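The structure appears right after this line, and notes come after that.
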Protein chains: 2
Amino acid sequence: MYKLIKVDCGVCAAEGFYADGISAGLKPNNAKDMAFVYSDTLCEIAFTFTTNKMTAAPIRHFKAKGEFQTNFVLINSKNANAMTGKAGIKDIDEILATLPKEIVNPVMSSTGVIGVRLPKEKIIAGAKLFDLTKKDNNAAACAIMTTDTFSKQIAYKVVLEDGSSFHIGAMAKGAGMINPAMATMLCFITTDAKVSKKQMQDILNLHVKTTFNAASVDGDTSTNDTVMLLSNGKSGAYHEEAFSEALYHIMRFLAREMVRDGEGATKLVTYEISGAKNDEEAEVVAKALTNSLLVKTALYGEDPNWGRIASTVGASGAEADEERLKISFEDVCVYDRGELYFDEEMEQKAAEIMKREAFTISCDLGIGEGKFTAFGCDLGYEYVKINADYRT
Amino acid sequence: MYKLIKVDCGVCAAEGFYADGISAGLKPNNAKDMAFVYSDTLCEIAFTFTTNKMTAAPIRHFKAKGEFQTNFVLINSKNANAMTGKAGIKDIDEILATLPKEIVNPVMSSTGVIGVRLPKEKIIAGAKLFDLTKKDNNAAACAIMTTDTFSKQIAYKVVLEDGSSFHIGAMAKGAGMINPAMATMLCFITTDAKVSKKQMQDILNLHVKTTFNAASVDGDTSTNDTVMLLSNGKSGAYHEEAFSEALYHIMRFLAREMVRDGEGATKLVTYEISGAKNDEEAEVVAKALTNSLLVKTALYGEDPNWGRIASTVGASGAEADEERLKISFEDVCVYDRGELYFDEEMEQKAAEIMKREAFTISCDLGIGEGKFTAFGCDLGYEYVKINADYRT
């Protein structure tokens with residue numbers, strides 16, 4: 001037996017981890033735009049990166065290093081260092097070379113505009129402001145934000161039966177270019193659990209599928225998506241099931257937070273698909289629903305237009321049949337294999353549910369045992385406003 | 001040798017074809033909402049239908065009839081007769097049974113809201129207003145519109161070397177739920193060419209791929225998509241190459257008109273993809289670009305944000321490499337294998353091009369010989385407005 005205790009903290013929850021955020025002048029108005037995560041001993045690293053073939057320079061830089069341990073991650077927002085070619089890689093080398101000597105094998109991570117070289121001098125000057133003794137979770141979590149409207153952090157203390165304990169803490173950013181094709185955001189998770197590199201990579205891979213890869217804001221997969229899990233083993237404690245469960249809760253929470261903070265989004269919708277031919281087809285249906293513009297705009301309009309849900313299920317490519325399909329908004333069934341008359345009372349009930357900030361839409365395809373749950377949001381005027389002129 | 005002459009007409013261009021539109025009270029304010037296409041002799045039919053598994057009742061009704069000839073198509077807007085089960089099929093039978101006896105094997109086609117039974121009595125009463133001697137192309141083309149802001153018609157007279165001639169005329173509707181997965185709209189094409197059923201089906205299939213299937217407004221595939229080509233052979237003339245060329249021009253024109261009239265769209269963008277590994281991968285890239293929300297909102301903002309184009313190419317799944325990719329807005333190259341500095345002058349030139357109502361974005365992937373051209377539009381506030389509460 002073990003206990004998960006949620007603690008009011010972020011990446012500094014785990015022993016020996018430090019973090020802070022500062023302003024280096026990349027964002028206007030002295031907003032924080034650079035952060036670090038530092039461990040006072042070396043860490044093993046587990047990670048997942050974007051599937052986008054135009055992989056950003058920091059990810060290519062990381063991959064080129066092969067197997068290594070590190071004690072430092074440098075993160076900047078406002079500039080993605082993507083589509084910057086070999087010069088983008090060289091910029092990272094030059095920046096990291098200026099860091100103090102207690103930093104070993106530093107890693108860089110960037111998010112922001114694509115296709116512009118990093119403002120190298122500003123970043124080098126910014127890094128000189130870092131104080132490695134700081135544990136300011138909030139400052140770090142704010143500094144990595146782009147169009148996010150709130151910072152995203154969570155941490156658990158895991159207490160094992162023998163009284164020993166370990167921590168997992170995390171911060172993430174992400175509000176647009178969020179798509180269920182991969183992790184699709186930046187997320188940094190720290191732990192002092194005594195977990196092996198292989199174990200933590202396996203557990204990370206397992207949970208990415210049902211958390212970050214099940215979240216969609218706009219169906220666009222970014223060039224910079226990164227999930228990084230750093231472990232320094234300092235607690236000396238570990239329990240596989242407890243670690244896995246805590247990590248799952250952290251990743252699911254952050255995935256949902258990103259969708260809730262989706263650009264212009266006013267609603268977080270959970271799509272629970274069941275009765276599909278198999279799990280893969282359920283996933284296809286769930287993701288089609290999270291990405292359908294017609295479903296998303298109906299959600300925004302609080303219009304219980306279940307016909308668009310049915311149409312999207314039918315267009316998804318998965319096996320489906322109108323005489324087997326059931327659709328519900330929470331506990332209100334709005335379509336039942338063609339045998340239900342969608343009357344005004346039902347419409348009103350469904351419309352009431354759609355006014356909530358978060359609710360579930362269930363589709364039972366009535367064909368097999370496949371199921372999958374995905375997280376989506378609505379699409380309103382604000383999404384257009386934010387993205388019609390992102391760069392200025 | 002042959003000549004294609006564009007004529008100012010629609011479905012009545014071909015000899016022996018009649019059409020009209022009337023108001024049956026389905027739409028408010030006495031707007032036209034029912035149309036017919038009638039031929040005074042029996043027609044062979046070629047067709048393509050939606051790939052959506054929630055196929056609407058009129059399409060299932062058509063398919064159930066097997067091989068047949070007809071002289072009459074009845075079309076209504078405002079109600080799609082989709083997700084209406086067996087009752088929806090029975091409604092069609094009852095409506096068609098009331099038509100006058102000169103009508104043989106009539107076909108029905110519907111577009112509008114999903115999941116509501118047809119107002120049968122109104123439609124039966126409306127059909128009694130039809131005058132089969134009318135040749136009012138405009139009235140018919142307007143009656144089949146839903147969120148369309150203009151009607152879509154075109155016709156060609158094809159003059160062959162020996163002086164004989166035939167006609168092809170067409171009307172279409174479509175502005176939303178337009179996706180490159182299939183025909184994705186209603187389109188009725190008539191011809192008096194002496195073409196066999198098999199020939200015209202083959203030619204229709206050939207051109208659907210590069211016209212209607214290359215057009216996207218919002219990536220949603222409707223339940224009712226229909227392209228129907230009716231031939232009565234009255235001209236006695238035919239020439240395969242001329243027929244194919246004229247039909248291609250008609251289908252391409254209507255596909256582009258639908259995108260130009262895309263819900264809330266202000267721009268028609270042609271994506272010319274070349275240098276892909278093969279034609280299939282070029283198609284994947286072209287369609288990813290037409291459907292990317294980030295690309296569409298940047299178009300709306302007239303922001304030459306080529307980084308989003310590069311990112312979408314990279315995320316599409318096609319083989320791609322930033323050191324081989326070139327991106328141009330018309331003749332202005334904005335990204336050239338990482339070797340170009342995107343300066344203010346280039347940005348200004350690209351921004352000028354984006355102010356146009358129609359322009360081309362080219363991506364040369366620099367990998368192979370594959371190419372494909374697709375038609376897309378921008379996404380602005382109006383799309384959200386139109387779709388947030390479509391039903392009321």
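Which residues, taken from the range B:37-86, are modelled with pLDDT under 95, closer than 22 Å to B:Val116 by Cβ and in a strand (DSSP E or B)?
Within the range B:37-86, B:Phe49, B:Asn79 meet the criteria.
Which of the residues belonging to the range A:276-300 are surrounded by 21 or more Cβ atoms within 10 Å (Cβ to Cβ) and either touching a Lys or Arg at 6+ places or on another chain (Cβ under 6 Å) or not in a helix (DSSP H, G or I) (or both)?
A:Ala276, A:Ala282, A:Ser292, A:Leu294, A:Val295, A:Ala298, A:Leu299
Of the conditions (1) over 23 Å from B:Ile89 (Cα atoms); (2) outside any strand (DSSP E or B); (3) aliphatic (A, V, I, L, M), B:Ala24 clears all except one; give me its number.
The single condition B:Ala24 does not satisfy is (1).
State all residues of the range B:42-77 that are more than 14 Å from chain A (Cβ to nearest Cβ) and out of contact with any strand residue (DSSP E or B) (no Cβ under 7 Å at 6 or more places or on another chain); if no residue qualifies, say none.
B:Lys63, B:Ala64, B:Lys65, B:Gly66, B:Glu67, B:Phe68
Of all residues in the range B:153-176 being in a strand (DSSP E or B) and of a type in the set (D, E, K, R), which is surrounded by the fewest Cβ atoms within 10 Å (Cβ to Cβ)?
B:Lys157
Only residues in the range B:107-121 that are at pLDDT 95 or above count as the first member; pair them with residues that are among the hydroxyl-bearing types (Ser, Thr, Tyr) and assigned to a loop (DSSP other than H, G, I, E, B), Cβ under 9 angstrom, at least 6 apart or cross-chain, and list the lot.
Sorted first by the residue in the range B:107-121, then by its partner, the pairs are B:Leu118/B:Thr84.
Could you tell me which residue of the range B:187-210 is farthest from B:Tyr248 (Cα to Cα), considering only residues that are part of a loop (DSSP other than H, G, I, E, B) and modelled with pLDDT under 90?
B:Lys209
All but one of (1) surrounded by fewer than 24 Cβ atoms within 10 Å (Cβ to Cβ); (2) at pLDDT below 90; (3) of a type outside the set (A, V, I, L, M) hold for B:Thr184; state the number of the condition that does not hold.
Of the numbered conditions (1) surrounded by fewer than 24 Cβ atoms within 10 Å (Cβ to Cβ); (2) at pLDDT below 90; (3) of a type outside the set (A, V, I, L, M), the odd one out for B:Thr184 is (1).
Would you check if there is a residue in the range B:246-255 being touching a His at 6+ places or on another chain (Cβ under 8 Å), at pLDDT 90 or above and either surrounded by fewer than 19 Cβ atoms within 10 Å (Cβ to Cβ) or within 13 Å of another protein chain (Cβ to nearest Cβ) (or both)?
For the range B:246-255, residues touching a His at 6+ places or on another chain (Cβ under 8 Å), at pLDDT 90 or above and either surrounded by fewer than 19 Cβ atoms within 10 Å (Cβ to Cβ) or within 13 Å of another protein chain (Cβ to nearest Cβ) (or both): present.
Using the structure shown, decide if B:Asn105 is closer than 14 Å to B:Val37 by Cα and out of contact with any helix residue (DSSP H, G or I) (no Cβ under 8 Å at 6 or more places or on another chain).
Yes, satisfied.
Give the residues of the range A:218-255 that are in contact with a strand residue (DSSP E or B) (Cβ under 9 Å, 6 or more places away or on another chain), among the aromatic types (Phe, Trp, Tyr) and assigned to a helix (DSSP H, G or I), sorted by residue number.
Selection gives A:Phe243, A:Phe253.
Sort through B:Met108, B:Met145 and tell me the only one that's hydrophobic (A, V, I, L, M, F, W, C), in a loop (DSSP other than H, G, I, E, B) and assigned by TED's automatic domain parsing to the domain that holds B:Glu67.
On the way: B:Met108 fails: in a loop (DSSP other than H, G, I, E, B).
Unique residue meeting the criteria: B:Met145.
Starting from residues that are of a type outside the set (Lys, Arg) and in a loop (DSSP other than H, G, I, E, B), keep the ones in the range B:256-271 and report whichever is surrounded by the most Cβ atoms within 10 Å (Cβ to Cβ). Full working, then the answer.
Keep residues of the range B:256-271 that are of a type outside the set (Lys, Arg), which gives B:257-259, B:261-266, B:268-271.
Of the ones still in play, those that are also in a loop (DSSP other than H, G, I, E, B) are B:261-266.
On the way: B:Asp261: 24, B:Gly262: 29, B:Glu263: 27, B:Gly264: 23, B:Ala265: 27, B:Thr266: 16.
It comes out as B:Gly262.
Given the conditions (1) away from chain B (no Cβ under 11 Å); (2) touching a Phe, Trp or Tyr at 6+ places or on another chain (Cβ under 6 Å); (3) surrounded by fewer than 24 Cβ atoms within 10 Å (Cβ to Cβ), report the number of the one that A:Ser362 does not fulfil.
(2)
Taking A:Ala351 as meeting all but one of (1) surrounded by 18 or more Cβ atoms within 10 Å (Cβ to Cβ); (2) out of contact with any Gly (no Cβ under 8 Å at 6 or more places or on another chain), write down the number of the exception.
Every listed condition holds for A:Ala351 apart from (1).
Could you count how many residues in the range A:365-392 are touching a residue at least 12 places away in the same chain (Cβ under 8 Å) and either within 30 Å of A:Val116 (Cβ to Cβ) or within 14 Å of another protein chain (Cβ to nearest Cβ) (or both)?
Qualifying residue count for the region: 17.
Since B:Glu121 meets every condition but one in (1) surrounded by fewer than 17 Cβ atoms within 10 Å (Cβ to Cβ); (2) part of a loop (DSSP other than H, G, I, E, B), which condition does it not meet?
Of (1) surrounded by fewer than 17 Cβ atoms within 10 Å (Cβ to Cβ); (2) part of a loop (DSSP other than H, G, I, E, B), only one is false for B:Glu121: (2).
Could you grab me the full set of residues in the range B:320-347 that are within 9 Å of chain A (Cβ to nearest Cβ), surrounded by fewer than 17 Cβ atoms within 10 Å (Cβ to Cβ) and touching a residue at least 24 places away in the same chain (Cβ under 8 Å)?
Scanning the range B:320-347 gives B:Asp321, B:Arg337.
Residue by residue, here is whether (1) over 22 Å from B:His207 (Cα atoms); (2) crowded, with 21+ Cβ neighbours inside 10 Å; (3) not assigned by TED's automatic domain parsing to the domain that holds B:Phe17; (4) not hydroxyl-bearing (Ser, Thr, Tyr) holds:
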residue: B:Met34; (1), (2), (3), (4): yes, yes, no, yes
residue: B:Cys43; (1), (2), (3), (4): no, yes, no, yes
residue: B:Asn52; (1), (2), (3), (4): no, yes, no, yes
residue: B:Ala57; (1), (2), (3), (4): yes, yes, no, yes
residue: B:Gly66; (1), (2), (3), (4): yes, no, no, yes
residue: B:Asn71; (1), (2), (3), (4): yes, yes, no, yes
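The values are calculated or read from the model by the stated rules, or taken from the named source; none is laboratory data. Predicted, not measured: the structure shown is a model, and the values here were computed from it. Positions of Cβ are generated from backbone atoms using ideal geometry, with glycine treated the same way; all protein chains shown enter the neighbour counts.
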